[in-house]
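Chemist: Please find one structure pasted underneath; my questions will follow.
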Amino acid sequence: MIQDFFAPLLESLPSDRGRKCEILSQECILQSGFHHFDWTASGLAAKCVESRMNKILPFYANTHSESNSHAELISSLYEEARERLKQIFKLDSNFALISCGFGSTAAIKKFQELLGIYIPPRTKQILGVDSLRDKSSFPLVIVGPYEHHSNELSFREGLCEVVRIGLNTQGLVDLEALKNILSANVGRKIIGSFALGSNVSGILAPFAEISHLIRSFGGIVCFDCATTSPYLDIPPSFYDVAFLSPHKLLGGIGGSGILIISRALIDKTLPPTFCGGGIVGYVSRTSAQYYAQEQRREEAGTPGILEFLRSYFGYALREEIGQEWIQQAKIPYIRTLREFLENEPKIITYGNLEHNALGIFSFNIRGISPFEVSLQLSKEYGILTRAGCACAGPYGHDLLGLEDNAFFIQKPGWVRLNVHYTHTQEEINRLLEALKQILHSV
């Protein structure tokens, strides 16, 4: 029965790109008349995944029970999903894969708890560390220029010193600045936590170079893969830690966040980061014996069982479609949209378009608020995009040339959209026509 639940989600897909895009588009659960160009914020439900989840629901039970058949089945499904995810990401036995709340934000928090960086503000106040100015005795956390707020703000509030690497003259990660920071902190505990891809400009970070530099100084390498993992993976040999947001995948909505972490970073001589049911072998009135297995001891309480299964199915569907095909399918769409945006004098684009590997575009139209543009696209054309800073405020300051802590009459930002492998050529044409009409009206 377990193998039935993990059978392929789709029948064999055609090799023809256009036909394959049409079939995948039909798999998306979306209100008729609307076109989803906000995949960077969230994926969509997939009919095949929802059908599979409905087959699981009649057997739902708690994973902590071992004395009834449904609990035994669900526990087996849960752990089988974990093992299959490890295979998808090509993880060996040196890595643990932990389900964490919702999105990479929860995975980042779990990582910080494991390394002693996260501390609640109230606790900082009680201990008198909230006003510490000298953090040189704490770990040094180096973040990149493209970070989502979760991968920067959370460290700023933690027991660490944070240094942000800026952009070079090409608008890419300044590797020379990274090298200088590392050289100036020899002998210090160093953690590098970089967005693998920008959720604003679609630029892929030079992960191999970043990894090599940080490791050459004995640092821990972390990549926030929230933006990239719907489309591609990198070999785990390049990182010690990865943060994933399965809800951004087709079929992954409602999925749990995932933390991939080297087991060597988990100190099992300490209690789990949070203690509860399901992580103990024995509890008396005065003591407790916690499980040694890293994945189990860090998932206190009843886990998000269905959420974790949805995470698995999102990645399983991605693998059935094929990472290489996904990348190839987006290339003509990326080229078309880039040419359109670059050749419209009323449009201001952000980021280095030559290095836009993910198909995420951010832009403004002169003379009109990005919030008005996004709303108009939605209400008049059924095209769903996003306006704002995309939870990447520091990068936004770089791109827009803003001063820190300045007074803004209007909230700054841009329109963000991204092309996706489920889009059809008709949808791309509709987007371009809508933008032309808005440009004509300005």
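The values are calculated or read from the model by the stated rules, or taken from the named source; none is laboratory data. From a predicted model like this one, the values you see are computed outputs, not experimental measurements. Cβ placement follows ideal geometry from the backbone for every residue including glycine, while neighbour counts extend to all protein chains displayed.
Chemist: If you check Asn62 against the conditions, is it modelled with pLDDT of 95 or more, farther than 27 Å from Leu435 by Cβ and not charged (D, E, K, R)? Give the steps one after another, and end with the answer.
Modeler: Values: modelled with pLDDT of 95 or more: no; farther than 27 Å from Leu435 by Cβ: yes; not charged (D, E, K, R): yes.
The answer is no for Asn62.
Chemist: Sort out which residues of the stretch 375-398 are more than 20 Å from the chain's Cα centre (by Cα) and either among the basic types (Lys, Arg) or closer than 19 Å to Ser150 by Cα (or both), and write them in order of number.
Modeler: Answer for the stretch 375-398, where residues must be more than 20 Å from the chain's Cα centre (by Cα) and either among the basic types (Lys, Arg) or closer than 19 Å to Ser150 by Cα (or both): Lys379, His397, Asp398.
Chemist: Of the numbered conditions (1) farther than 27 Å from Arg416 by Cα; (2) among the aliphatic types (A, V, I, L, M); (3) free of Cβ contacts under 8 Å to residues at least 60 places away in the same chain, Val173 fails exactly one; give the number of that condition.
Modeler: (1)
Chemist: Considering every residue within the stretch 181-190, establish whether at least one is at pLDDT below 95 and farther than 15 Å from Gln112 by Cβ. Please lay out each step first, then the result.
Modeler: From the stretch 181-190, those at pLDDT below 95 are 187; that's our starting set.
Still in the running and farther than 15 Å from Gln112 by Cβ: 187.
Yes, that holds for at least one residue.
Chemist: In the stretch 385-412, what count of residues is obtained for those that are modelled with pLDDT under 95 and assigned to a loop (DSSP other than H, G, I, E, B)?
Modeler: Adding up the residues that qualify gives 16.
Chemist: Can I ask one more? Given the stretch 248-358, what strands (runs of 3 or more DSSP E) lie entirely inside it while holding 3 or more residues that are surrounded by fewer than 15 Cβ atoms within 10 Å (Cβ to Cβ)?
Modeler: Numbers: elements: 257-262, 280-283, 288-290, 347-349.
By residue number, 280-283.
Chemist: Among the residues of the stretch 51-66, write down those that are of a type outside the set (A, V, I, L, M, F, W, C), touching a residue at least 24 places away in the same chain (Cβ under 8 Å) and either within 15 Å of Gly252 (Cβ to Cβ) or in a helix (DSSP H, G or I) (or both). Break it down into steps so the answer makes sense when it comes.
Modeler: Initially, the stretch 51-66 is screened for residues of a type outside the set (A, V, I, L, M, F, W, C), giving 51-52, 54-55, 58, 60, 62-66.
If we keep only those that are touching a residue at least 24 places away in the same chain (Cβ under 8 Å) as well, we get 52, 55, 60, 62-64.
Correct list: Arg52, Lys55.
Chemist: Among the listed residues Leu153, Leu127, identify the single one that is of a type outside the set (D, E, K, R) and surrounded by 14 or more Cβ atoms within 10 Å (Cβ to Cβ). Even if it seems obvious, please write down each step before you answer.
Modeler: On the way: Leu127 fails: surrounded by 14 or more Cβ atoms within 10 Å (Cβ to Cβ).
Unique residue meeting the criteria: Leu153.
Chemist: Counting only residues that are of a type outside the set (Lys, Arg) and closer than 13 Å to Glu319 by Cβ, how many does the stretch 82-91 have?
Modeler: Let us first name the residues in the stretch 82-91 that are of a type outside the set (Lys, Arg), namely 83, 85, 87-89, 91.
From what is left, the residues that are closer than 13 Å to Glu319 by Cβ are 85, 87-89.
Within the stretch 82-91, residues that are of a type outside the set (Lys, Arg) and closer than 13 Å to Glu319 by Cβ number 4.
Chemist: Which residue out of Ala96, Ala81, Ala71 is part of a helix (DSSP H, G or I), at pLDDT 95 or above and of a type in the set (Gly, Ala, Ser)?
Modeler: On the way: Ala96 fails: part of a helix (DSSP H, G or I); Ala71 fails: at pLDDT 95 or above.
Sole residue among the options that is part of a helix (DSSP H, G or I), at pLDDT 95 or above and of a type in the set (Gly, Ala, Ser): Ala81.
Chemist: Can we say Ser211 is polar (S, T, N, Q), in the same structural domain as Ser99 (by TED's automatic domain parsing), out of contact with any Gly (no Cβ under 9 Å at 6 or more places or on another chain) and surrounded by fewer than 24 Cβ atoms within 10 Å (Cβ to Cβ)? Let's see the steps before the verdict.
Modeler: On the way: polar (S, T, N, Q): yes; in the same structural domain as Ser99 (by TED's automatic domain parsing): yes; out of contact with any Gly (no Cβ under 9 Å at 6 or more places or on another chain): no; surrounded by fewer than 24 Cβ atoms within 10 Å (Cβ to Cβ): yes.
Spelling it out, it is not the case that Ser211 is polar (S, T, N, Q), in the same structural domain as Ser99 (by TED's automatic domain parsing), out of contact with any Gly (no Cβ under 9 Å at 6 or more places or on another chain) and surrounded by fewer than 24 Cβ atoms within 10 Å (Cβ to Cβ).
Chemist: Next question. What are the pairs with Cβ atoms under 9 angstrom where one residue, in the stretch 7-31, is of a type in the set (Ser, Thr, Tyr) and the other, located anywhere, is part of a helix (DSSP H, G or I)? Sequence gap at least six, or different chains.
Modeler: Taking only residues 6 or more apart or on different chains, the pairs are Ser25/Glu427.
Chemist: Here's a check for you: in the stretch 176-192, which residue that is without any contact (Cβ under 8 Å) to a residue 60 or more places away in the chain and in contact with a strand residue (DSSP E or B) (Cβ under 8 Å, 6 or more places away or on another chain) is surrounded by the most Cβ atoms within 10 Å (Cβ to Cβ)?
Modeler: The residue in question is Gly192.
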